[in-house]
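The values are calculated or read from the model by the stated rules, or taken from the named source; none is laboratory data. Everything numeric in this text was worked out from a predicted model, so none of it was measured. All Cβ positions, even for glycine, are placed from backbone atoms using ideal geometry, and neighbour counts span all protein chains on display.
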Amino acid sequence: MHNSFERPFGIQDVLDAEATLRGHIVHTPCTHSRILSQICGCEVWVKFENLQFTASFKERGALNKLNALSVEERQQGVIAMSAGNHAQGVAYHAERLGIPTTIVMPEGTPFIKVEHTENLGAKVVLHGKTLADAQDEALRLAAARSYVFIPPYDDPLVIAGQGTIALEMLKAAPDLDVLLAPVGGGGLVSGMAIAAKAIKPNIQVIGVQVAAYPAMRQALRGEAVDIGAETIAEGIAVRNVGKLTLEIVRRAVDDVLLVEESEVERAVALFLSIEKTVAEGAGAVGLAALLRHPEQFKGRKVGLVLSGGNIDPRLLAQVIMRQLVREGRIIAIRVGISDRPGALGHIATLVGAEGGNIIEALHQRLFTAASIKAAELELTIECRSAAHAERVVAGLVENGYAVRPVLSAAERNVPAGKVIHAIADNYAAHKHPKVLEWLADHPRWTFHFTPTSASWLNAVEGFFSTITRRKTRRGVFKSVDDLEDAIKRYIKAHNKNSKPFVWTASAASIFEKLGKIPEPSE
C-alpha cells in the first residue's frame, strides 16, 4: 500500500499523476470571466472543476491513489471518509476499477451527496457530527475488516492528483499572477503549490478557508484549533489538517485567507447568475476571497478553482432568495396603519400601483407598540431592482404611511463592533451613492438604517429610549448634535463603545461622518 514516498514529494509526482489521469477524467475548461473581472477589479480566470463527472476535483486524487493499489489491495476493498466529494470520486473510480467500496460520512452530510455516492455503487455509513468523527470510524472499520484506507488529502498520491489542476490552469492562462484554492485538509492547495511554483516560481498560491473552520490557518500560526460553527462550505469544514499538507503549505503556500458565510453565499449566487454554473459553498470560497479582499488582488491576473458543484437544491434555493434580499429585489418593511376596514386593501393597492408584488403579509395587532386603535403591517415585497423598491416605499410614504425596513437575517448576525446605526429623514438615504461607496470600501461594516417619514427628531428620541432602556421627554433634544452628544455620554458612561453610532438628519451628512469611523480591529 502506497502511503508515503521514500523520496521528496515534488513536481515529477504531479507530472506522473497527469499521465495516469489522462483520458479518465474531464480536462475541464479554464476561462476568463469578463463580468466577474469587472466586479472584482482584477482579471479573473475560473477553472470549472464542477464539470467533472462527480462534479468535483476530488476525482483526480482518488483515481491517482486507486490506480497505485496492488491486486491484493484491490481485492480487499477500500474505505474512505468524506463529506461527499471525495466519497463520490472514490466510489466512481473504484466501481470502474472493480474495487468494493465503503464510505463513512458525517451525519449532517447533504442528502444529495449521500444519494449520489450510493448510486455510484458504494456502501455509505453515516457516523458522527464532524469529519474527524467520520475519519475515526473509517480507520476503525479499516483495521477491523482489512480495508485499504483512501485518505482525502494527506497522501502524496492524492496530493499529486489534485496538483494536476495547476498544470492545466497554467497551460490555459500562463500569465496568471495568483492561484486561489479552497482549503480544508490542504490536499488541493498543496498539490497546486508544488506544481505551480515548479513551473512559475514567482506565482502566488493562496488558500481560502471559511472563518468558521480556520484549522489550517490556525495550525500555521501555532494556535489551538477552534472550529465548529455551521457553514455552507461543509466540504472544507475540517478540524484535522494533514501532516504532509501542513508541511507543504508552510513552505509553498503564500497565505491563507478567511471569508465569511455571507461572502460565500454571494459568490455562489454570482457563479449562478453570471457564469450560469452551480457552485457548492466550498467551491465558491475563491471568489468570496476576491470579494472580501479587493485591494489585495486589484489589477492582477487571478485563477480561481471552482472546486465542486454538489450543493443541496434546497440550500441553493435559499442562497438565491437571500441574495435577492441583499440586492434589494426582495424587501421586508413594516407599515403603521389604522386598524379599520379597508386599510390593508389600500396598502396593497399602493404597492401594486408602483409595480411591487406582495409575496407575504403579516397583520400584527398584538405584538406591537402602536396605539390600540392602530396596527402594524409587515410586508415582504418582490421588486425589479433596489431603485424600484425605493419607488414602492416612496409611494407609501407619500400617502402618509410611516415605513421602516425589517433587518435581514444577515444583518442581524453581524458581530458587535461592526455595525453603524443611523437615523435619516428619508428611506433612500442609506442608498446614497457616497454611502454605498464607503460601504464597498469597508466590507466589515454593516449599515443598519432607521428611516422616518415624519419628525426625525421624535424618531431618534424613541430610538435613544430603546438603546438606553429609559424614557426621554419630547423636546429634550433640540438638534441632532444634542442627541449625538447625549448618546456619546451614555456610551462612555456605560462602557458600550464597541458599537459606533452615527446620527444624522440627511443623506448629505451621513457619508461625511462615515469617514471618521475607523475599521474594527481583528
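A few remarks follow.
Yes or no, residue by residue, for (1) touching a strand residue (DSSP E or B) at 6+ places or on another chain (Cβ under 9 Å); (2) in contact (Cβ under 8 Å) with a residue 40 or more places away in the chain:
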{"site": "P152", "(1), (2)": "yes, yes"}
{"site": "I159", "(1), (2)": "no, yes"}
{"site": "G163", "(1), (2)": "no, yes"}
{"site": "P182", "(1), (2)": "yes, yes"}
{"site": "A196", "(1), (2)": "yes, no"}
{"site": "Q209", "(1), (2)": "yes, yes"}
{"site": "R217", "(1), (2)": "yes, yes"}
{"site": "E223", "(1), (2)": "no, no"}
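Residue-wise test of (1) among the hydrophobic types (A, V, I, L, M, F, W, C); (2) touching a Cys at 6+ places or on another chain (Cβ under 9 Å); (3) in the same structural domain as R221 (by TED's automatic domain parsing).
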site	(1), (2), (3)
I248	yes, no, yes
A252	yes, no, yes
R266	no, no, yes
T277	no, no, yes
A282	yes, no, yes
A289	yes, no, yes
H293	no, no, yes
R300	no, yes, yes
L306	yes, no, yes
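- Qualifying residue in the range 183-196 (condition: assigned by TED's automatic domain parsing to the domain that holds G286, out of contact with any Ser or Thr (no Cβ under 6 Å at 6 or more places or on another chain) and surrounded by fewer than 19 Cβ atoms within 10 Å (Cβ to Cβ)): no
- Here the helices (runs of 4 or more DSSP H) wholly within the range 1-99 that include at least 2 residues being β-branched (V, I, T) are 11-21, 34-40.
- Output for the range 71-117, where each listed residue is charged (D, E, K, R) and under 28 Å from the mean Cα position of the chain (by Cα): E107, K113, E115
- Where F111 falls short, out of the listed (1) surrounded by fewer than 17 Cβ atoms within 10 Å (Cβ to Cβ); (2) under 22 Å from D136 (Cβ atoms); (3) not basic (K, R): (2)
- Considering residues of the range 251-267 that are without any contact (Cβ under 8 Å) to a residue 60 or more places away in the chain and assigned to a loop (DSSP other than H, G, I, E, B) only, the residue surrounded by the fewest Cβ atoms within 10 Å (Cβ to Cβ): D254
- Identity of the residue in the range 347-379, at pLDDT below 85 and touching a Ser or Thr at 6+ places or on another chain (Cβ under 8 Å), that ends up surrounded by the fewest Cβ atoms within 10 Å (Cβ to Cβ): K373
- Residue in the range 233-250 that is more than 24 Å from G128 (Cβ to Cβ), of a type in the set (D, E) and assigned to a loop (DSSP other than H, G, I, E, B) present: no
- Of all the listed residues (L344, L291), the sole one being buried (at least 16 other Cβ atoms within 10 Å of the Cβ) and within 17 Å of I39 (Cα to Cα) is L291.
- For the range 31-49, a residue qualifies if it is crowded, with 16+ Cβ neighbours inside 10 Å, more than 19 Å from the chain's Cα centre (by Cα) and charged (D, E, K, R), and exactly one does: E43.
- Residues of the range 192-215 classified as within 24 Å of the chain's Cα centre (by Cα), within 19 Å of A160 (Cα to Cα) and assigned to a helix (DSSP H, G or I), total: 2
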